[in-house]
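The values are calculated or read from the model by the stated rules, or taken from the named source; none is laboratory data. Please read all numbers here as calculations on a predicted model, not as lab measurements. All Cβ positions, even for glycine, are placed from backbone atoms using ideal geometry, and neighbour counts span all protein chains on display.
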Amino acid sequence: MLTAIMDHQHFTAIHHSKEELLNLRKSLKTFTCPHCSSPLILKIGNIKIPHFAHTSKLPCILETKKETPDHIWSKALLYKRLSQLFQDVKLEHFVKEVQQIPDLLITERGYRIAIEIQCSTIPLSEIKERTEGFRKGNIHPIWILTQPLTIGTPLKLTSFQQGFIRFSEELHFYLLHFDPSNESFTIFPHLTPVSTNSFFFSKEIEIPLDTFTIPVSILPPDQANSLFLKNWKRYREKWINNKIQFSSARRDPFLSEVYREGDTFLYLPLFIGLPVIPHMTLIKTHPLQWQYYIWKDVLKKSPYFTREMIYSAFMRRLENGSIETRNFPLHSTGSSIKTLINDYLCLLEKLEIIQKKRGKGYKLTAKWICPKTFIDYQQHEHDLFPKLKHILKKD
Ligand SMILES: [Zn+2]
């Protein structure tokens, strides 16, 4: 922690030089915790920037956060920058009505923003709980991930890191990351998954700390899908091959369902497993799998169907666990599933797989006959992929 009470006043370590702090420590001044009033020691070392720590092991809410050197350093950096932008920025301030101590609290014209810096892995349920707590107290929370990322294309994110993904109209699903060693933020916009942990993105946006603002003001990049699309087919095949190689048809519930149904897993129609941008990012289950369920549960059974039928089939699968969503505690899922279904149907319509009927509902127009040979299947690919590329590029 960076704040303490000294001589009945708030004392912030980052406002003083190392020499000043060393002198203070020599002068035998006493520091106490602003929250629990128990004694603190001033630590001045080489790894972490000067900070305070409780001497007793009594539980204090200020001591529950695991503060790594990166965490303390990020907090100090952000405090410095935000204090240039806002008059009222508090460090480690206890907000009584929500019983939480955000790293930073900004108060501006009656509006409050809590900044939480997260470096170590904690349960996502804790982030969700604290986010809801802030919202109930009318405080807008901003979570900033500072845990180092494995940068590359695609971007690999652990399920904890995925928990920081948020949605905006312009950036779609995106991640805000802060690197204290570079003193710079990076936004990864338009995150589109190709596997459980790998995501393509349009173009990362670098924001040096000294130009960072809240709200973040940036020029959103075009949603350049071309790189993703070029790779989509390859990743779809990779997923299929992995399934065949590493899962046993008897033990894998999805594979055994496909076989029981009499379908050939290798030759499923290509309109099963389409990229439905952007909302498919929400679904952890591979598109091939959830779209197969839609096909099996609805399209195959009743060639005349409604959107509601698809939606309830999807929800049933979600409830029984055959479809899983990603855990995004900062995103309120709300109507996202409905949008996802709508977008998928729209795509099928454009590909002339289904047709809107006059009045209500749809009709399956492309009858699927399973190819007998690989060459026949390639013909199907040859017919569908150029169409798909054309459609997705236009969007
Ligand atoms: Zn305390």
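Some points to look at:
- Restricting the search to strands (runs of 3 or more DSSP E) fully inside the range 177-265 and requiring at least 1 residues that are in contact with a Pro (Cβ under 6 Å, 6 or more places away or on another chain) gives 184-188, 198-200.
- Selected residue (only one of HIS10, HIS54 is within 15 Å of LEU91 (Cβ to Cβ) and not polar (S, T, N, Q)): HIS10
- When THR107 is tested against (1) crowded, with 19+ Cβ neighbours inside 10 Å; (2) touching an Asp or Glu at 6+ places or on another chain (Cβ under 7 Å), just one condition goes unmet, and that condition is (1).
- One residue stands out in the range 160-172 among those that are modelled with pLDDT under 95 and not in a loop (DSSP other than H, G, I, E, B): the one that is surrounded by the most Cβ atoms within 10 Å (Cβ to Cβ), namely HIS172.
- The set of residues in the range 62-119 being assigned to a helix (DSSP H, G or I) and among the aliphatic types (A, V, I, L, M) consists of LEU62, ILE72, ALA76, LEU77, LEU78, LEU82, LEU85, VAL98.
- If you go through the range 89-101 and pick out every residue that is in contact with an Asp or Glu (Cβ under 8 Å, 6 or more places away or on another chain) and closer than 16 Å to LEU77 by Cβ, you end up with 2.
- Selection from the range 362-395 of residues that are without any contact (Cβ under 8 Å) to a residue 60 or more places away in the chain and surrounded by 16 or more Cβ atoms within 10 Å (Cβ to Cβ): TYR362
- From LEU78, LEU91, residue being within 16 Å of the ligand (Cβ to nearest atom), in contact (Cβ under 8 Å) with a residue 60 or more places away in the chain and in the same structural domain as PRO148 (by TED's automatic domain parsing): LEU91
- Taking the criterion of being of a type in the set (S, T, N, Q) and in contact (Cβ under 8 Å) with a residue 12 or more places away in the chain, the residues of the range 1-40 that qualify are THR3, THR12, THR30, THR32, SER37, SER38.
- Applying the criterion of being out of contact with any Lys or Arg (no Cβ under 8 Å at 6 or more places or on another chain), aliphatic (A, V, I, L, M) and within 12 Å of MET1 (Cα to Cα) to the residues of the range 33-68, the residue that is nearest to the ligand (Cβ to nearest atom) is LEU62.
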